[in-house]
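Coordinate-derived values only; no laboratory data. Worth saying up front: this structure is predicted, and the values here are computed from it rather than measured. All Cβ positions, even for glycine, are placed from backbone atoms using ideal geometry, and neighbour counts span all protein chains on display.
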Amino acid sequence: MVSSEEQNSIYDIKISTVSAGFVSGHNAIQELSAMDLAMKLHYLRFVYYFKAPTFDGFTILKIKETMFNWLNHAYIPCGRLRRADSGRSCIKCNDGGVRIIEAKCRLSLDEWLESGNDSRHKLLVPDQVLGPDLAFSPLVLIQLTDFKCGGKSVGMSWAHVLGDAFSAVGFINLWAQVIAAHYPAQPLTKPKQQNHTFDFQNPNPNPSPDPLSTKRVGPVGDLWSTSNNSKMEPFSFYISPSELTRLQAQISGEKADEQIPAFECICVVIWQCLAKVKDGAGPKVVTICRNDLKTRDNGIITNERQTIGLVKTDISVGKHTPTELGSLLMNKVDDERLKIEESMGRDDTLPDFLIYGANLTFVDLSDAPFYDMEVRGQRPVYVNCFIDNIADEGVVLVLPTPNACSDGRIVSVTLPENQVAKLKSVLKEDWFIA
């Protein structure tokens, strides 16, 4: 929970809008894929922290000037949602721009980051959702917050309907490139739609149930948001390289020929600990989201390049050894993307799904280039990332450190608040992770 001191420390808020400097992609219609629409209720929030003198002398007018040039090459995120004649949502490109929020903070950057409360990051990034006036809702919002020491945070809210976390990071890194007068050869685009062989006109009279990686909600109508049954609480912790090495040795056991990778080891630890928190009652199903490097191209914003895998066990998680769980996570992941796409096209009206948190969801962002955002020769000292509007089973993000993965991992967890203290205790007792 955000403290009143932190809440009151943000002041002098101003709101404006920035669009592309020239008419690029104006009136163009961008169709949305089945996976785009399956992810439409989720929002990615990022906060990049920069120390002085990164933005010294870089006035808001100069910043917006660079944004005009940036958005010339990113007209899809500048768009607004519309409904096609079919009733399916689409994006009218370059139709409103990016919302800009300016704010000031009474604390220094060091004072802000020293707080152990992960909820504080939410004060530095817009929390808006799409709707109920979809045609006037920005898909991207940027918050620029000045700290009293001269540092600055750049918060970005990104509607997941545009693309996954790697797409969002590519978008904001493009701004840093434009600040340095490095311009891309082509604007950001979405991939061509792939036509799968589903017969949507003559649906199966005995359709399959919804994929296990999804939770059907709504219908939500024109307000793309849901509410949780439990109050959700974020917290994060750092795993050092030596701790990772220890975890891998413990979890891999005597399987010298099959060392469990770092991401899977972190999943094992949290999965087992949460099962203990729930008195061994579960979860027996988890979702694994990862970047599909083999199919990802530069300059593409998409939801098709993130795998959504399902891992199941038929017995209690507590009865598995850590090595067995690690092996499941490595070798028994069923990619559910095709099933999700089929479900999106199966009904006369598109269903509304939650994917993050439908099961306990692990998201591997350890190779996301957060710290490639170099502004005037300076990289962020810290980047926070979280996913909003998730279901009640919770989400675990595995993130790089400012010194990349060679310096360990940052693990960001969002769970029902009644599980957080218990999980922290089990992590410390069973795995010596504080």
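What does the charge dipole of the chain about its Cα centre add up to, to the nearest 20 debye, if the Cβ of each Lys and Arg holds +1 and the Cβ of each Asp and Glu holds -1?
620
The percentage of C-alpha pairs in the range 98-254 whose separation is greater than 26 Å is 55%.
Across the range 321-377, the fraction of Cα-Cα pairs farther apart than 17 Å, rounded to a whole number, is 65%. Length, then width, then depth: along the principal axes, the Cα atoms of the range 1-109 run 51, 37, 20 Å.
Each peptide in 264-275, 397-408 gets a packing score, the mean of other Cβ atoms within 10 Å over its residues, and the list from highest to lowest is 264-275, 397-408. When the Cα atoms of the chain are aligned to their principal axes, the ranges along those axes come out at 60, 60, 41 Å in descending order.
Subtracting the Cα-Cα distance of Ser406 and Thr307 from their residue separation scaled by 0.36 nm leaves 33.2 nm. In the range 240-322, the inverse of the mean reciprocal separation of distinct Cα atoms equals 14.8 Å; this is its Kirkwood hydrodynamic radius. Near Gly96, no amide H atom lies under 5 Å from its own; only residues 5 or more places off or on other chains count, and H is placed 1.01 Å from N.
Quick one: which of 358-367, 52-61, 377-386, 331-340 comes out on top by average Cβ neighbours within 10 Å, and what's the full order, highest first?
Ranking the peptides 358-367, 52-61, 377-386, 331-340 by packing returns 358-367, 377-386, 331-340, 52-61.
This model, with +1 at the C-beta of Lys and Arg and -1 at the C-beta of Asp and Glu, gives the range 264-333 a dipole about its Cα centre of some 80 debye.
Only Cα pairs under 8 Å and 6+ residues apart enter the sum, and on that basis the relative contact order of the chain stands at 22 percent.
Mean separation of Cα pairs under 8 Å and 6 or more residues apart, divided by the residue count, gives the range 350-420 a relative contact order of 36 percent. Here the range 115-160 yields Rg over Rh of 1.07, to two decimals, using C-alpha coordinates and the Kirkwood radius. Take every Cα pair under 8 Å whose residues are at least 6 apart in sequence, average their separation, divide by the length of the range 11-158, and the relative contact order is 35 percent. Taking the average, over residues, of other Cβ atoms within 10 Å as the packing measure, peptides 137-146, 101-110, 310-319 rank 137-146, 101-110, 310-319 from highest down.
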